[in-house]
Amino acid sequence: MLNSHILIVDDDPDQLNILTLYLKKQNFNVLSAENGPKGIQIFKENIETIGLVITDLHMEDMSGEVFIDEIYKINQNIPILVLTGDPMAISKENVKIKDIIKKPINFFSFKKTVAEYFKE
């Protein structure tokens, strides 16, 4: 199904695991990557099914900002949500970012935000 999957990219394995399991429990289709380069690879391989990208801002192999720029080069219409413990580090006015999710994550608002992108 087109645009039915969420791609989550985070270099913190615990955070990645928690988010992936949580969204799967909420009946979302989830793909996950442990770093930016792997995320780009997964995005390219599944471009027809990914409808939302969620990425950490601070990652070691590739920063979230560079990852976002690379995804945007591939598909300028993909909604991207950013996870960060420092919401001042990035501006929501950045046209590539649809929303900022502050860590620690409030799972009620997280679910609500994600669900907005999959309304029928």
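Comparison of I71, I54 shows that the only residue that is touching a residue at least 60 places away in the same chain (Cβ under 8 Å), β-branched (V, I, T) and surrounded by 13 or more Cβ atoms within 10 Å (Cβ to Cβ) is I54. Looking across region 1-51 at every residue that is among the acidic types (D, E) and without any contact (Cβ under 8 Å) to a residue 24 or more places away in the chain, the one that is surrounded by the fewest Cβ atoms within 10 Å (Cβ to Cβ) is identified as D14. Quick one: which residue in I105, I50, I78, I54 is farther than 13 Å from I6 by Cβ and either within 15 Å of the chain's Cα centre (by Cα) or modelled with pLDDT of 95 or more (or both)? None of the other options fit; the residue is I105. Among the residues here, L31 does not qualify as out of contact with any Pro (no Cβ under 8 Å at 6 or more places or on another chain), over 20 Å from I74 (Cα atoms) and of a type outside the set (G, A, S). Residue count for region 3-27 satisfying the condition of being assigned to a strand (DSSP E or B), in contact with a helix residue (DSSP H, G or I) (Cβ under 9 Å, 6 or more places away or on another chain) and not hydrophobic (A, V, I, L, M, F, W, C): 0.
The values are calculated or read from the model by the stated rules, or taken from the named source; none is laboratory data. All values derive from a computational prediction rather than experimental measurement. Please note: Cβ atoms are built from the backbone with ideal geometry, for glycine as well, and neighbour counts cover all protein chains shown.
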